[in-house]
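Notes to accompany the following structure.
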Amino acid sequence: MNTLLISLTTLLLLAVQAQAAITGQQYCNRYMCVTGQHDSDKNLDTYTLQPPSGTNIPVSQFGWIAIGFGNTMINTPMIIAWPNSDGSITLSQRKTNNHVTPIVDSNPPRKATLLSSSSFSNSSTTSITFTVPSNSSTANSTNLIWAYGNKNPGSSSSSTSSLAQHLASGNTQISLLANSLPNTTTTSGNGTSSTSSSPISAGGSSKKVLIAHVACGGIATMAILPIGILVPRISRGLTMQRWWFPVHGALNGLIAFGLIVAAFGIARANFSGGFNSTHRKLGLTLFILSIIQTLLGILTHWWQPKHRLQSKSGRGPVNLLHMILGLVVVGIGFGTVWWGLNDEWARYSGTGKPNVGWKVGWGLVVGITALAYLGGFYLLPRQLRMEKERRQWASNVSNGNGHPTSKFVPTTSNNSSLPPPPPPTHTRPLQPPQTVVNTNSNTSTGYVPPPPPRRLPPRV
């Protein structure tokens with residue numbers, strides 16, 4: 001009896017140890033599921049690629065499916081798989097040094113082996129399982145890129161088959177050392193499967209990071225920066241009051257600049273691969289020019305000594321450079337968003353390319369901003385006329401030569417120590433002060449009229 005208990009206990013411990021030796025995790029999006037398992041005893045990793053649960057894609061409609069071990073498409077070892085019309089599965093290991101169709105890698109760092117017993121493709125769905133040797137030091141977090149294409153290569157050759165561009169792609173992380181096993185699939189000979197335990201989804205945090213990056217960058221470049229340049233362009237042609245300046249400084253110098261810095265920091269901290277795309281290169285340019293533009297704004301509005309290059313209005317080359325660079329920053333911001341939608345979103349979101357409505361909205365914002373800014377030049381003659389009359393008023397006040405008549409500058413006392421007054425709030429002429437005469441006494445409290453003229457006596 002004791003021998004039997006000892007044997008059962010030993011078998012139980014061995015089973016627990018065998019179960020604990022296999023760890024892993026699963027990641028799913030709307031296009032595919034990647035299940036990664038690590039066998040520490042065999043030093044072997046097993047990956048299963050298949051459509052999401054509840055999605056059936058028959059072999060006649062299945063294109064190709066792939067993962068890569070890295071953060072970006074460039075120089076990442078990839079394993080691409082597709083089913084063939086005869087039910088067989090093809091594995092092709094490839095690599096690329098740019099965002100182009102990858103070529104066959106004749107000497108991959110880890111050789112993939114198809115598990116035919118766990119792979120199938122039939123009229124209902126497709127599931128592809130393969131193994132690769134584990135890395136020498138398996139980390140708790142494994143970086144993966146993924147891609148799905150809906151056009152089958154049409155050939156079973158792993159070396160000569162050409163691939164159509166992917167429908168969707170992205171990157172994620174899974175934990176091969178996770179304590180809980182991923183969704184396990186047992187496949188029967190006819191291709192049906194049964195599952196146990198619930199899948200553990202990876203990549204939720206990366207999606208939140210992507211949304212935070214898009215929100216900061218999109219709000220700054222598509223809303224705050226355009227409003228920030230339209231406010232001074234239009235308001236200076238309508239009034240001489242400088243209420244536009246604090247609005248302009250707060251929008252572009254504080255809010256937009258802060259959001260651009262935040263978007264750039266989020267991208268650098270969470271998306272590897274360097275500046276290997278147009279979106280990333282424009283983002284770096286936007287970040288650098290935003291710093292320069294903010295410093296120019298401070299130099300232009302708060303510290304600008306008089307020099308011989310200044311115009312009569314007080315503007316100089318720094319003002320012109322600040323205005324031109326502002327337009328360049330807005331334009332680069334628009335371009336950064338466009339290339340982000342066109343290139344990066346499908347790669348990292350897991351939802352494929354964005355709906356055409358996003359690009360239509362981008363075009364509306366760019367068009368409205370351009371028309372509004374150009375329309376602001378219609379008010380430029382009025383702005384220059386108001387500035388000229390204000391300078392004339394200030395010159396006459398300082399020289400004590402009287403006051404010009406203008407609907408922009410009100411009439412006031414010739415006290416040369418006073419600065420130029422604010423623009424008028426009404427157009428009626430100012431009335432002279434009223435005098436008050438005390439009628440109850442001989443001494444007035446205000447204006448005292450002269451005595452009547454004395455009459456001479458008549459001549460005799």
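Hey, among PHE271, PHE257, PHE275, which residue is touching a Ser or Thr at 6+ places or on another chain (Cβ under 7 Å) and more than 21 Å from GLY363 (Cα to Cα)? From the options PHE271, PHE257, PHE275, the qualifying one is PHE257. Selection of first residues in segment 242-254 that are within 25 Å of GLU387 (Cα to Cα) and in contact (Cβ under 8 Å) with a residue 12 or more places away in the chain and of second residues that are in a loop (DSSP other than H, G, I, E, B) and among the acidic types (Asp, Glu), restricted to Cβ pairs under 9 Å at least 6 apart or on distinct chains, gives an empty result. The single residue among ALA112, ALA21 that is at pLDDT 90 or above and hydrophobic (A, V, I, L, M, F, W, C) turns out to be ALA112.
Scanning segment 41-56 for residues that are over 22 Å from LEU91 (Cβ atoms) and free of Cβ contacts under 8 Å to residues at least 60 places away in the same chain yields a count of 2. Scanning segment 236-260 for residues that are in a helix (DSSP H, G or I) and buried (at least 20 other Cβ atoms within 10 Å of the Cβ) returns HIS248, LEU251, ASN252, ALA256, PHE257, LEU259, ILE260.
Screening LEU251, LEU289, LEU284 for residues that are under 26 Å from VAL100 (Cβ atoms) and either out of contact with any Phe, Trp or Tyr (no Cβ under 7 Å at 6 or more places or on another chain) or not charged (D, E, K, R) (or both) leaves exactly one candidate, LEU284. The helices (runs of 4 or more DSSP H) located wholly in segment 314-377 that include 2 or more residues which are under 18 Å from ILE224 (Cα atoms) and modelled with pLDDT of 95 or more occupy 317-339, 356-376.
The values are calculated or read from the model by the stated rules, or taken from the named source; none is laboratory data. In this text the structure is predicted, and so the values were computed from the model without any measurement. Neighbour counts run over all protein chains shown; Cβ positions are idealised from the backbone, glycine included.
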